[in-house]
1. Hey, can you rank 337-350, 248-261 by average C-beta count inside 10 Å, highest first?
2. Relative to a virtual label point 7 Å from the Cα of residue 248 in the Cα→beta-carbon direction, which members of region 60-78 show backbone nitrogen distances below 15 Å?
3. Which one of 18, 415, 342 is farthest out on the positive end of the charge dipole of the chain, using unit charges on Cβ (Lys, Arg +1; Asp, Glu -1) and the Cα centre as origin?
4. On full extension of the chain, what length is gained from residue 236 through residue 368, given 0.36 nm per residue of separation minus the C-alpha to C-alpha distance?
5. Give, rounded to the nearest 20 debye, the magnitude of the charge dipole that region 178-269 has about its Cα centre when Lys and Arg contribute +1 at Cβ and Asp and Glu contribute -1 at Cβ.
6. Starting from the Cα of residue 199, step 7 Å along the direction of its Cβ; do the same at residue 403; then give the gap between the two resulting points in nm.
7. Which peptide among 91-101, 207-217, 285-295 comes first, and what is the full order, when sorted by highest mean count of other Cβ atoms within 10 Å?
8. How much mean residue ellipticity at 222 nm does the chain get from its helices, if each DSSP H run of length 4 or more adds -39500 (n - 2.57) and you divide by all residues, to the nearest 500 deg cm²/dmol?
Amino acid sequence: MIKLFVKISILSIIIASCKVGPNYQRPAIKSPGEFRFAEGIQDTAIDLHWWELFRDEDLNKLIKIALANNYDVKIAASRIDEAMYIVGYNKADYWPALTYGISGSRGQDNVPSVGEVMGPYNNFAATANLVWELDFWGKYRRSTEAAQAELLASEYGMAAIQIGLISAVAETYFLLLDYRSLYEISVKTLESRKESLRIIKERFDKGIVAEIDLNQAQIQEAVAEAAIPLYKRAVAQTEHALSILLGVNPGQITITKTLMDQQVPPKIPTGVPSSLIERRPDVLAAEQIVAAQNARIGVAQALRYPSISISGMLGAASSELSTFFSGDAFVWSVGAGIFGPIFEFNKNKRRVQVERERMIQDSLNYAQTVIQAFREVEDALIEISTLEKESQARMKQMAAAQNAAKLSKERYNGGVTSYLEVLDSDRTQFDSELIASDTYQQYLNAYVKLYKALGGGWITEEQMKQAQSSQQ
C-alpha cells in the first residue's frame, strides 16, 4: 500500500503542470503619452508622506489618529486577514483529507429464511480514512490562484482606503479652516456694522441723515448677523464629519492654525500617465479582480472533465473488545475512482461561458478605472493651475475692496459722498473676504486631490518599495 501511495504521489507531481483555462494577461490599456496640464514635469517619484509638505503639525496629528482608529481601515484590515485564510482554505484541497472513525454497537437480527434469531452480538471498529482527489486538471490550483489574486486585491483595496482616508482628512481639515475663517470674517463684519449703525442712528436722531440710511445700515447689520449662525453651524458639522474620519465620537477639533497660515506645497512631479497603472492602488486592485476571474474560468473548465480520486482505510474491527487489538482484527482497503459528467444539457458549458462574460465585465471595469484615474489627475492639474491664478486675483480683489471700504467711510464722514457708496463698498468687502477664503481652501484641496489621483501617500516603507519594484 505504501508503494501505491508513493507511485500516486509521483504521478501527481508529474501532472501538476497540467492546468486547463487561460493564463492571466493584463488587459491592454492605451495610455496617453503625457498629462495635458502637467507643464512638462515628468518624474515618477512617489512622496512617502505628502501631507507633511503642508508643514502643519495639527494635520499630521489628525491623519495619524485616523489611520489608527478609522473603522473603514479596520474593516479593510479584517478583509485582508479573511482573504489570507481563504487562500489557505483553498490550498488545503491540494492534499489528502485524513479522517478517523470510531464506532461501537450491540444488536440482534432475525433471519427470516432460517427462522432463527441471531445475536445479540457486538460490533466495534476504529479506522483511519484517506480521500484524495488528484488535481489533474488544475481545479484547485486555479481556485487558489483566484484566492491569491483576491488577497492582493484586498491589500491594494486597503491601501486605496488609506489614501482616500488621508485625503478626506486633509480636505475636511482645510474645509474646517475655511468655515472658521468665514465665521471670523462674519463676526468682524458684524462688529464693524454695529459701530456703523450706531453712528448712523446718532446722525438720524440729530436729523443729519435720512431714515433710508438708517434702514440700509440695519439691513447690513442683519446680513452679517445672519451669517454668523450659518458658519457656526457649518463649523460644528464639519468638526463632526472630521471626528467620524478619526474614528471618535463627534466633538470639537482643536486646531492652532488659520487657513491663511497654510503653506502651498511645492510643484508636484506627476510622472507619465502609464505609471498610474503601477501606482494607484484602486487600479491595481481592479487588475487583481480581473486575474481572479480569469482563474475562475479555469475552475469552470476543469469541472467539465472527470475527477480522479483515491481512497484508503486502515484500522481494526472486532465483535469483542478483548480481541480488538489482535492481528485478526486488522482491516484495510485501497481504492480509486473516476467520476465525471456525461450529459447535463450544456450546464457545464454554460458555466464556462458565464465565467468568461464575468471576465469581460471585470476587464471593462479595470479599463474604466484606469481612464477614470487619468481624468482625476487631469482635473486636479487644471484645478491647481487655475485656482492658483484665481486665488491670487481674489487676494488682490480683497485688498482693493478693504481699501475702498475704508476710503468710502472717510468720504462719507467728510460729506463728500452718499451712504449708498459706503453700503456698496462694505458689501463688496464682505463678499470679497468670503470668496478669497473659499478660493484659497479650494486651492489647497486641489493639491490634496492631485496627490490622491497620483496614488501617492504610501503608508509604510514596505509599500513604497513594492510600488517602486513594480514600476521597474
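No lab work stands behind these numbers, since they all come straight from the coordinates. Only a predicted model underlies this, so the values are computations on that prediction, with no experimental measurement involved. Every residue, glycine among them, receives a Cβ derived from its backbone with ideal geometry; neighbour counts consider all protein chains shown.
1. Details: 337-350: 10.4, 248-261: 12.9.
Averaged packing, sorted descending, gives the order 248-261, 337-350.
2. Answer for this model: 60-71.
3. 342
4. Working: separation 132, 0.36 × 132 = 47.52 nm, distance 3.74 nm.
Residue separation times 0.36 nm, minus the Cα-Cα distance, leaves 43.8 nm.
5. On the way: 12 positive and 12 negative charges, 41 e Å.
Roughly 200 debye for region 178-269.
6. 2.0
7. On the way: 91-101: 12.6, 207-217: 14.7, 285-295: 23.5.
Top to bottom by mean Cβ count within 10 Å: 285-295, 207-217, 91-101.
8. Details: 10 runs with 289 residues, N = 472.
That comes out to -22000 deg cm²/dmol.
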